[in-house]
1. Determine whether LEU334 is of a type outside the set (Gly, Ala, Ser) and over 55 Å from the mean Cα position of the chain (by Cα).
2. Is the stretch 276-284 home to any residue that is part of a loop (DSSP other than H, G, I, E, B), hydroxyl-bearing (Ser, Thr, Tyr) and either surrounded by 14 or more Cβ atoms within 10 Å (Cβ to Cβ) or in contact (Cβ under 8 Å) with a residue 24 or more places away in the chain (or both)?
3. Within the stretch 244-258, which residues are assigned to a helix (DSSP H, G or I) and either at pLDDT 90 or above or surrounded by 15 or more Cβ atoms within 10 Å (Cβ to Cβ) (or both)?
4. Only one of (1) touching a residue at least 40 places away in the same chain (Cβ under 8 Å); (2) under 26 Å from ILE388 (Cβ atoms) is not met by GLU266, so which one is it?
5. Which is at pLDDT below 90 and charged (D, E, K, R), of ASP391, ASP302, ASP379?
6. Collect the residues in the stretch 259-277 that are of a type in the set (A, V, I, L, M, F, W, C) and at pLDDT 90 or above, keeping them in residue-number order.
7. Does the stretch 290-304 include one or more residues that are on the phi > 0 side of the Ramachandran plot and either under 54 Å from the mean Cα position of the chain (by Cα) or of a type outside the set (Ser, Thr, Tyr) (or both)?
8. In contact (Cβ under 8 Å) with a residue 60 or more places away in the chain and either touching a strand residue (DSSP E or B) at 6+ places or on another chain (Cβ under 7 Å) or surrounded by 15 or more Cβ atoms within 10 Å (Cβ to Cβ) (or both): is that true of PRO364 in this structure?
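The values are calculated or read from the model by the stated rules, or taken from the named source; none is laboratory data. Treat the numbers as computed from the prediction; the structure is a model and nothing was measured. For neighbour counting, all protein chains shown are included, and Cβ atoms are generated from backbone atoms with ideal geometry for every residue, glycine included.
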Amino acid sequence: MIKNIIEKYGESFQTLLTESGMSSNMAAIFNIFIIALLFFGIMYFIDQLIKEIIIKSFKAFRKKGKNALDHYLISSDLPKYLAHTIPLYIIWSFTPEILKQFPLLSKFTLKFIDIYIIFLGVSIVKSILRSVKKYLSRKPKFKDKPLESYLQILMIFSWGVGIFLIINSITGYSTISVTTLSAASAVLLLIFKDTILGFVASIQVTVNDMVRIGDWITFSQYGADGNVIEITLATVRVQNWDYTYTTIPTYSLISDSFQNWRGMEESGGRRIKRAVYIKQTSVKFLTKQLIEKFKKINLVTDYLKNHEKTNDQFNKSNKIDETLLINGQNQTNLGVFRFYLESYLKNAPSVHADMFQMVRHLAPTEKGIPLEVYCFSKDQEWLNYEHIQADIFDHVLASAAYFDLEIFEFPTGNDLNFNN
């Protein structure tokens, strides 16, 4: 019917223009221009009508809430792309009839429409994939998954198919031949070298569960120290603790070394490992007077009584000369202090009692004897963790003097005043 209308009114309008004194060629061109203008106007109206029908259909069957899949399909312009398909098909069908007097222009127009159809198909696929990605990213199950990487992989495949179809449409040659595929593969490998490396890296990162969205990672080589907020084929985006962003090549995650703190977060505790330096000249054996003095410290009272009894028995049975403290078995203030700190950690409510705890000596240095505290805090949040760690070492520094121990520090200021 539309074909008959085009033929009837097109010929009538062209005849009218010719009779009015216009040359036959100009009349034909003007006639086609008017018909094409009216035709595209009708197609535009149909396009808008179909789009509204699709949107209203989605809304009629949509679930409540903004996180439903159809909400993302509408916001990603899928109705607009779908609405283009019917008018585009009509235009493609009637172009030969409208441009029958200009076969070369008709052929060129059909080629252009074919290419546009391919782009439209890729756009529809892209719209659906992005909608699904946004929908799944709202689900707790997929919050830490690199959905953007999967989306990019599928989009590369879609564009690859689209490019082959466009080449086939323009040249008329099949893109399935071995020669064509080899040449196209070489070009694609050259153009998408970084993308292909990222693609391989993304698969390895996902399969080996090396990094998830939300993980805290430290990558010194790139100055990254913060939470992973996005994983794509080419890059991993990290928001650092100072709210700056660092972009890391995805391939670096499998080619270089980095630190992932997820294990700490899943363990239920956060490690505290720090040492204070004890001045070596302040370390000494305990006299009877010092033992009695230290017995007043609750956490070491039983410890001192038990060791005093054991040491006395050993020294008497072996007839040890106790006039010199170095003879036989005797306790030191540093040893008692170490036991005190172990007891303090066991009784500290902020320290994880079920995880490893230790207070140990490290090798003496020019700064003194490093006394290291090793334990885990119950609270993993950075601010609370720092407070817990500070409280522990405030106590360590303040309590050392009660055991006649001195904390080493380089002399400054009044320490170097020789007039005193």
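1. no
2. no
3. Residues satisfying the conditions are SER252, LEU253, ILE254.
4. Condition not satisfied by GLU266: (1).
5. Only one candidate qualifies: ASP379.
6. Those that are of a type in the set (A, V, I, L, M, F, W, C) and at pLDDT 90 or above: ILE272, ALA275, VAL276.
7. Checked against the condition, which is being on the phi > 0 side of the Ramachandran plot and either under 54 Å from the mean Cα position of the chain (by Cα) or of a type outside the set (Ser, Thr, Tyr) (or both), the stretch 290-304 yields no hits at all.
8. No, not satisfied.
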